[in-house]
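Trainee: My questions will all concern the structure given below.
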Amino acid sequence: MIRNLFVAIVLLSLFSANAQYGRVTEKGPTFGLINLERHQFKFDLFAPGFSYELGLFRNQSVSTSLGLGIATYQEGYNIGLAMNNRYRYYHNLDRRNSLGKDVSGNSGNYIAAAQAIFFSQLRVATDISGPTDFNLGFYGFVYGFQRTYPKGFNFTVELGGGYYKGDGVPSGYGPLLGFNFGWVATKRKSKKPTFD
């Protein structure tokens with residue numbers, strides 16, 4: 001059921017992007033990315049690791065990160081290496097831009113379909129009862145915001161919830177809270193995008 005809902009959201013987002021795509025275009029080689037960065041690579045300092053975000057459409061991107069993460073749900077908690085994947089829909093880039101606020105470095109608020117995988121091999125601590133060799137997956141949705149500053153410093157905050165699927169341990173529902181502070185290593189677009 002969660003996977004079907006995830007697929008439906010992705011398809012709806014793609015349809016929405018195609019419907020809005022023709023309104024404004026960017027000069028030069030374009031994929032319809034007016035405010036989003038085509039590629040953004042970030043070193044995460046708060047939860048040591050790294051992130052990569054790929055701009056797909058005018059206000060949509062996919063991202064993946066690898067670093068320290070915490071899972072908490074009905075069965076307990078798990079702390080260790082986690083891979084986080086997001087399909088983000090930024091809903092306020094045009095508004096931020098019209099108010100003269102910086103949108104470079106994907107600075108905006110978003111809704112995202114979220115997936116996370118917590119690997120047993122690099123677990124730091126857990127209180128989930130079961131075998132020592134288990135993996136844990138998360139499937140759900142988050143609301144978040146990301147801000148990137150002129151020197152490249154970046155922070156991201158996310159809040160959401162979903163289903164934790166246990167591989168060798170019981171599954172259940174729980175929240176997802178994320179906070180990250182890092183540095184964007186790739187060049188960012190200027191504050192004011194150029195339009196046709």
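Trainee: Which one of the conditions (1) over 23 Å from the mean Cα position of the chain (by Cα); (2) among the charged types (D, E, K, R); (3) closer than 15 Å to residue 53 by Cβ does residue 133 fail to meet, given that it meets all the rest?
Mentor: Looking at each condition in turn, residue 133 falls short on (3).
Trainee: Hey, does the stretch 109-117 have a residue that's surrounded by fewer than 20 Cβ atoms within 10 Å (Cβ to Cβ), in contact with a strand residue (DSSP E or B) (Cβ under 8 Å, 6 or more places away or on another chain), farther than 18 Å from residue 159 by Cβ and not hydroxyl-bearing (Ser, Thr, Tyr)? Break it down stepwise before answering.
Mentor: First, pick out the residues of the stretch 109-117 that are surrounded by fewer than 20 Cβ atoms within 10 Å (Cβ to Cβ): 109, 111, 115, 117.
If we keep only those that are in contact with a strand residue (DSSP E or B) (Cβ under 8 Å, 6 or more places away or on another chain) too, we end up with 109, 111, 115, 117.
Keeping just the survivors that are farther than 18 Å from residue 159 by Cβ gives 117.
Filter once more, keeping what is not hydroxyl-bearing (Ser, Thr, Tyr): 117.
Yes: the stretch 109-117 contains one or more residues that are surrounded by fewer than 20 Cβ atoms within 10 Å (Cβ to Cβ), in contact with a strand residue (DSSP E or B) (Cβ under 8 Å, 6 or more places away or on another chain), farther than 18 Å from residue 159 by Cβ and not hydroxyl-bearing (Ser, Thr, Tyr).
Trainee: Let me ask another. Where in the stretch 124-196 are there strands (runs of 3 or more DSSP E), lying wholly inside it, with at least 3 residues that are charged (D, E, K, R)? It would help to see each step written out before you state the result.
Mentor: Numbers: elements: 135-148, 153-167, 172-184.
Passing ranges, in order: 153-167.
Trainee: For the stretch 164-181, which positions are under 17 Å from the mean Cα position of the chain (by Cα) and surrounded by 16 or more Cβ atoms within 10 Å (Cβ to Cβ)? First the steps, then the outcome.
Mentor: First pass over the stretch 164-181, keeping only residues under 17 Å from the mean Cα position of the chain (by Cα): 175-181.
176, 178, 180, listed by residue number.
Trainee: Separate question: For residue 159, are the conditions met, namely being free of Cβ contacts under 8 Å to residues at least 60 places away in the same chain and under 20 Å from residue 64 (Cβ atoms)? Lay out the reasoning, then the answer.
Mentor: Working: free of Cβ contacts under 8 Å to residues at least 60 places away in the same chain: yes; under 20 Å from residue 64 (Cβ atoms): yes.
It is true that residue 159 is free of Cβ contacts under 8 Å to residues at least 60 places away in the same chain and under 20 Å from residue 64 (Cβ atoms).
Where a number appears in this text, it was derived from the coordinates with a stated rule and is not lab data. Everything numeric in this text was worked out from a predicted model, so none of it was measured. Cβ sites come from the backbone with ideal geometry, for glycine too, and all protein chains shown count toward neighbours.
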